[in-house]
Ligand SMILES: [Zn+2]
């Protein structure tokens, strides 16, 4: 079994409405990204109308959770919650860049409070804002010529023209992968619309596929992280929300060694050092059953956790490679629980 990956890029040609079924009054608001389940659902529905997809292929691609359908985020953005910046960070009009500060590299007492360049306070770097548009519909009563009772509805959709990206990974045989890859490339020529309101023209897209950027191995990232030190420290950052429950089925708000060890047992011999996290509520819609999925509490994307392990560097690298491959928690096939070990963004913000 090998792990195969494909970067999926979707451009909205019309406004998109994703998730957000829990309506607040007459307003329904889209999620700021395209959930993996929406992508999987649309492609599964499409596959049912393709004669070249037999039941065996359909089962492998959509039913057995070996393929992890990614969440697609605006320009693939993922801001880490341990990183803070001043208000001038990334300002293209300033000739000298202002540094980002990643708290993961500091002991709590040593964390800088202000920017070393301008002295302005440091704040958590915000995730890129998704542009939205509001669409309001109503029905006119032919007799009174006013809006019919209860017929005024608004949706806040993601504006067209924006590009969303994510990486699909699959733990399947080479032949199965080649078949999926060929089918997806064919689908990309005229992809199905995604999300809600498709019959009203929402969610029209173009889709393109590309090989993902060359991956630096976990072993290399781990070596870069630890330099020549004896103890091995590693960071686990979430690139999609993770749904994790303890043995009493309670939703977890932070990542501990026990949760990490479920995916990669050797990591049990680790110690939690520090964490930066938020939680969000996630829901979903089961298209096949026509029913809402259970609402769950998830640890948010961008959350970052630092651990220390007593394993030797090479053993730790193997164990972490498998953690990155398997992901953590529940509903991984829908894009939840994707993790990055010693993420390159942490390494880029490392103090000199
Ligand atoms: Zn500054």
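Derivation of every value follows stated rules applied to the coordinates shown; laboratory data play no part. Quick caveat: nothing in here was measured; it's all calculated off a predicted structure. Cβ sites come from the backbone with ideal geometry, for glycine too, and all protein chains shown count toward neighbours.
Of note:
- R0 of 35 Å, Cβ-Cβ distance residue 156-residue 223: FRET efficiency to nearest 0.05: 0.15
- If you plug the beta carbon distance of residue 322 and residue 137 into 1/(1 + (r/R0)^6) with R0 = 41 Å, you get a FRET efficiency near 0.25.
- Alpha carbon Rg of the range 37-108, scaled by the compact-globule rule 2.2 N^0.38 Å: 1.93
- Per-selection Kirkwood Rh - the range 158-298 (Cα, Å, 1 d.p.): 19.6
- Highest average first, the peptides 276-282, 27-33 ordered by how many other beta carbon atoms sit within 10 Å of their residues are 27-33, 276-282.
- Note that the range 246-352, at 4 °C in a medium of 1.567 mPa s, gets a Stokes-Einstein diffusion coefficient of 84 µm²/s from its Kirkwood radius over C-alpha pairs.
- Solvent-free Debye calculation, one equal scatterer per alpha-carbon of the range 81-124: log10 I(q)/I(0) at 0.31 Å⁻¹ equals -1.15.
- The long axis of helix 36-47 is offset from the longest Cα principal axis of the chain by roughly 50 degrees.
- Peptides 264-274, 298-308 ranked from most to least packed, by the mean per-residue count of other Cβ atoms within 10 Å: 298-308, 264-274.
- Highest to lowest packing among 49-55, 168-174, scored as the average C-beta count within 10 Å: 168-174, 49-55
- Taking the Kirkwood radius as Rh and the Cα radius of gyration as Rg, the chain has a ratio of Rg/Rh equal to 1.00.
- Contact order relative to length of the chain, as percent, for alpha carbon pairs under 8 angstrom and 6 or more apart: 25
- Against the chain, whose longest principal axis comes from its Cα atoms, helix 174-187 is set at around 50 degrees.
- Estimated FRET transfer efficiency when R0 is 25 angstrom, pair residue 5-residue 52 (beta carbons, to 0.05): 0.60
- 10 Å binning of all Cα-Cα separations within the range 1-140, expressed as whole percents from 0 upward: 9, 24, 24, 23, 14, 5, 0
- Nearest-ten-degree value, helix 313-326 long axis tilted from longest Cα axis of the chain: 10
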